[in-house]
1. Out of the GluC sites (Glu not before Pro) in the range 46-114, which ones are loop residues according to DSSP with at most 10 other C-beta atoms within 10 Å?
2. If I compute mean projected area of the Cα convex hull in nm² from the structure I just sent, which labelled value in (1) 10.4; (2) 9.7; (3) 9.2 lines up?
3. Report, in listed order, any pair from 34/159; 100/139; 5/100; 26/159 with a Cα-Cα distance greater than 26 Å.
Amino acid sequence: MSQIKIENIEQAVNKIDGLSEDALDKKIETFTLKQQHLVNYILQAGIEYENEDLNVFSVYYFAITHEAFDLAGLMIKEISEDDIEAFQEPFVLALDAIYKNEDYTPMQELTAQHHLMQFVMNEIEAADEDGETLDDETKTQLFIVLSGMIALMNGAIQK
């Protein structure tokens, strides 16, 4: 399986963070047009959790993740609603393993992108430039959303 390298993630972060607000909006729009069902899936979590901040963070990390895949030369097919539906059962089982047994192995196998998941975990736990950290509820929700996103994107890599 093709792995996103740490360098790809660093380059993606630098590229996304270096964009003007207009350029970032265009980049996100471009990525969204390629992955409409995935973005709808991601944004649905913010609605279900009633957490608008979750959507802001999710879209930002979607842009970084998509850019990292692009920089790694990994083309992603369009993720369909059927792909998302088929993904739900193994994803819920992987989440259950974490919450019931603190076993991250099924989630690691499902996402299959070690460096991206490590990046996500570090980002979720890190303080921002003002020294603020996310509340525990948002951390958990963001972990769930980003794990699902990464697993779906990884599963959609065109061979």
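None of the figures in this text is laboratory data; all of them are computed from the coordinates on show. Keep in mind the model is a prediction, meaning the values are calculated, not measured. Here the Cβ is made from the backbone with ideal geometry for all residues, glycine too, and neighbour counts use every protein chain on show.
1. Working: sites: 48, 50, 52, 67, 78, 81, 85, 102, 109; in loops: 50, 78, 102.
For GluC sites (Glu not before Pro) across the range 46-114 that sit outside H, G, I, E and B with at most 10 neighbouring Cβ atoms in 10 Å, the list reads 50, 102.
2. (3)
3. Details: 34/159 18 Å; 100/139 18 Å; 5/100 31 Å; 26/159 28 Å.
Result: 5/100; 26/159 exceed 26 Å.
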